[in-house]
């Protein structure tokens, strides 16, 4: 291994990517270091792809352990998640032990919890707002005190892990919906899509993102704050939204008119420039709905 064993994971990953370049580009093969997942729509296609992968493994003189192989599963546990066909959920066995614990009594005990929950933040709506006080509690400059607010945040985050919604795999042939939510405590946009499940149209979540808002942003008005959230969401989710037509649903109806007015505000200007570059449609949504 070049430069020692610490580089082994990245070196091994590159090697696997070089062995299966066509399969990876076709989108049905997923590789994480030495774990290989083959995805197929039908049994015949699956057998063909399985044979193709096994042949390449033989060609490069690699070996696999039959005891560690699982064939023809309709659902699969991988990296703390459970994949049910085109639906992604949290592996409940991974979070069960954490959910049984009470509020940590020391800073050291607390430091691991937000990080663990953060691994599943794409499943948790408004994660940054919920975890804000817990992250602050982990700061070395903060005195460790289990206040009512922090206990509430801890329990809310545990509850969010327990009741986290399943995420849909994106269908690139269908339009997306980008929900914009911003307040003084943080930004919490969410990407949705309506898909046909069991012969019925169902709107489901694709991805949740969130972050705490900086002191400067906390002083913004509602319209400017939602423009800030829109720009940030388009930057973070560009790999979903670039080249697609999608709806933007906001809780502030003024956002749509702001995109057509003259202003010197940099966040609104950035949103205007993004509006010209991306073919999205902005829909106002009342906060009472």
Hey, residue 124 in contact with a helix residue (DSSP H, G or I) (Cβ under 9 Å, 6 or more places away or on another chain), at negative phi, surrounded by 11 or more Cβ atoms within 10 Å (Cβ to Cβ) and in contact (Cβ under 8 Å) with a residue 40 or more places away in the chain or not: yes
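Could you say which residue among 74, 10, 40, 25 is at pLDDT 90 or above and within 27 Å of the chain's Cα centre (by Cα)?
It is 25.
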Those residues of the range 88-116 which are more than 20 Å from residue 130 (Cβ to Cβ) and touching a strand residue (DSSP E or B) at 6+ places or on another chain (Cβ under 6 Å), in sequence order: 88, 91
Test: residue 185 is out of contact with any strand residue (DSSP E or B) (no Cβ under 7 Å at 6 or more places or on another chain) and modelled with pLDDT of 85 or more: no
Any hit, the range 37-44, residues being touching a strand residue (DSSP E or B) at 6+ places or on another chain (Cβ under 9 Å) and either farther than 28 Å from residue 87 by Cα or exposed (fewer than 13 other Cβ atoms within 10 Å of the Cβ) (or both): no
Cβ pairs under 6 Å, 6+ apart, first in the range 8-30 and surrounded by fewer than 10 Cβ atoms within 10 Å (Cβ to Cβ), second assigned to a loop (DSSP other than H, G, I, E, B): none
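So, residue 82, is that one in the same structural domain as residue 24 (by TED's automatic domain parsing) and either in contact (Cβ under 8 Å) with a residue 12 or more places away in the chain or closer than 22 Å to residue 120 by Cβ (or both) or not?
Criteria not met by residue 82.
The values are calculated or read from the model by the stated rules, or taken from the named source; none is laboratory data. All values reported here derive from a predicted model rather than from experimental measurement. Cβ atoms come from the backbone with ideal geometry, glycine included; neighbour counts cover every protein chain shown.
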